[in-house]
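Each reported figure results from applying straightforward, stated rules to the coordinates on display, with no laboratory input. Please read all numbers here as calculations on a predicted model, not as lab measurements. Every residue, glycine among them, receives a Cβ derived from its backbone with ideal geometry; neighbour counts consider all protein chains shown.
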Amino acid sequence: MKHKNNKDLKYLSAAVKICGFTLFIANILVFQPDATAGQTSARSVQNITNASKINAGNLHTNGVLGITGTVQKNASLKQQSAEAISDTGTPQKYVINGKILGLTKTMKVVMTYYPSKTVVVKDSAIVNNGVFHMEGKLSRPYLVHLYLRPVGHAPVQKIAIGQVVPPVDGQSFYLSGGTTTLTGNSVAAAIVSNPVQEQYAELQKALLPVQKAAGPINLALYYSKNPDSILILKQKHNGFVSQMKKVCIDFVKKYPDSYVAYDVVKNNAFVIEDPDSFESMFTALSQGFKNTAEGRKMEHDLAMAKKFAIGAQIMDFTQNDINGKPVSLSSLKGKYVLIDFWASWCGPCRMEYPHIQKAYKLFKDKNFEVIGVSLDDNKDLWVKAIKNNHFEWVEVCDLKGRQNEVAAAYGIAAIPQSFLVNPDGVIIAKNLRGDELVTKLEEVIGTKIK
């Protein structure tokens, strides 16, 4: 099934990304350090998600799409960048003993995992009469993906974003130091045994009933166009999200020293939209994890999320508009204001333009204003985007790109992101997508738009 580019995937993805292991397509771009160049780069979340398809509202993982970075075969973590092992320990030897029952054809198993955002480790082994053996070193347990493929070079198949990925005989599991056994009639159906994987399987088992129940609701919400139905479905959806968060919090409390729990918290730190639930997860982690570089970063991100949580007073800022004139957010006090972080090079941002324009046209004469903060570093491209997209509202930029000072002060690590503030400067909503902005403005301004 292909996804329409003009549809918001927020609801479809939210219930399955709570624990972070299976991310669906998300309409945001994230900023990440480039381990090789020492620069900051942006890439779409689609490039790091598990390749997935939807079947009757349930999510099935069939493979792993490529990730920007260095591909190393048969490599130990000692050969990787410092970033790759910054929050890890002493490398330990791992062994995988696998047996695929009934497989007589000579095949190959390929294993991949990501020790950092910019590095992918890839290893492989030949399967003879269904038996294979792999070994190497890990500096910590990682979620790996192992899949079966023919021996030899298969033609590269380009897959468009949103396209269904052909089924692959594989599965994801946690690999740790020591011996891991994998036995079954296929890789996908194999039982994988090691202590860390048992914890991961426990988490998956706890989440599965909620995911199955949420699937039909998410699909209905994704396709619904009836405002009343959307409201009811959204309430049900939010209930499932709360259930999944509770499962994750309980898991971290039970296994505070587990790398599975650590990864759950890290993945939920991606964009912290619910500071309270994230704080419950983070607080439950062991002090050892909190003391890592990543742990300290999560603590900082949590503080930023609380500072800009719904109900908080928005922070004032000043930047220049396209004419070089300083514009302050405080100059718009007394109005409902949408602060929109975007960039001319951001594809997901472009998907939100029509919705912001619709809201602006409907409410600009009803005490509503928009101020856009661009993360561009090229004035010509910034101004061109404003003119080509017919933005009528205030736009500011310091032309420092992803190091935009306002974005940094607001803790923006992904775009688009937005804050809706009331006339008193209090944040009343964040990251409204699609028609959610119009619906929220109808609610707070008290004008129902037909």
(request) Tell me the label-point distance for the pair residue 193, residue 151, using the 7 Å Cα-to-Cβ offset, in nm and rounded to one decimal. (result) 2.9
(message) Taking the square root of 5 times each eigenvalue of the Cα gyration tensor, what semi-axes in Å does the equivalent ellipsoid of the range 267-349 have, largest first?
(response) 32, 16, 12
(request) Using DSSP, restrict attention to beta bridges with both residues in the range 318-445 and report what percent are antiparallel, rounded to the nearest 5. (result) 50
(request) For each of 329, 143, count neighbouring Cβ atoms within 10 Å of the residue's Cβ, then give the residues from fewest to most. (result) 143, 329
(message) Taking 35 Å as R0, compute the FRET efficiency from the Cβ-Cβ separation of residue 316 and residue 276 and round it to 0.05.
(response) 0.85
(message) Students often get this wrong, so check it: of 335/379; 333/361; 236/361; 297/335; 361/440, which have C-alpha atoms separated by over 24 Å?
(response) 335/379; 236/361; 297/335
(message) Please list, in order along the range 174-188, the HN-Hα scalar couplings obtained from phi with the Karplus expression 6.51 cos²θ - 1.76 cosθ + 1.60 (θ = phi - 60°), rounded to whole Hz, x for Gly and Pro.
(response) 8, 10, 9, x, x, 9, 10, 10, 9, 9, x, 6, 7, 5, 4
(message) Charges at C-beta only: +1 for Lys and Arg, -1 for Asp and Glu. How large is the resulting dipole of the range 307-450 about its Cα centre, in Debye rounded to 20?
(response) 260
(request) Would you mind checking 325/364; 266/307; 99/246; 108/266; 122/254; 137/245 for any pair whose Cα atoms are more than 28 angstrom apart? (result) 99/246; 108/266; 122/254; 137/245
(message) For a quick check: with amide H placed at 1.01 Å from N, whose amide H comes under 5 Å from residue 108's, ignoring anything fewer than 5 positions away on the same chain?
(response) 127, 149, 151
(message) Considering just Cα atoms, how many Å³ per residue does the convex hull of the range 174-224 enclose?
(response) 98
(message) Going by amide H atoms built from the backbone, whose H comes under 5 Å of the H on residue 327, apart from near neighbours?
(response) 319, 320, 321
(message) Using all alpha carbons of the range 393-450, what is the percent of pairwise distances in each 10 Å bin, ordered from the shortest bin to the longest?
(response) 18, 44, 29, 9, 0
(message) Output wanted: per-residue J couplings in Hz (rounded whole) for the range 121-134, from phi through Karplus 6.51 cos²θ - 1.76 cosθ + 1.60, θ = phi - 60°, x for Gly and Pro.
(response) 9, 10, 9, 8, 8, 7, 9, 10, 6, x, 10, 9, 9, 9
(request) Could you pull out every residue, at least 5 positions away or on a different chain, whose amide H is within less than 5 Å of the one on residue 178? Hs are placed 1.01 Å off N in the peptide plane, and Pro or chain starts have none. (result) 93, 94, 95
(message) Give me a comma-separated list of calculated 3J(HN,Hα) values for the range 346-353, in order, Karplus coefficients 6.51, -1.76, 1.60 applied at θ = phi - 60°, integers in Hz, x for any Gly or Pro.
(response) 8, x, x, 4, 4, 5, 8, 3
(message) Using only the Cα atoms of the range 354-450, what are the Rg and Dmax in Å?
(response) 14.2, 41
(message) With the crude spin-label approximation of a point 7 Å out along Cα→Cβ, what separation in nm comes out for residue 444 versus residue 378?
(response) 3.5
(message) Just want the ordering: 296, 149, from fewest to most Cβ atoms lying within 10 Å of their own Cβ.
(response) 296, 149
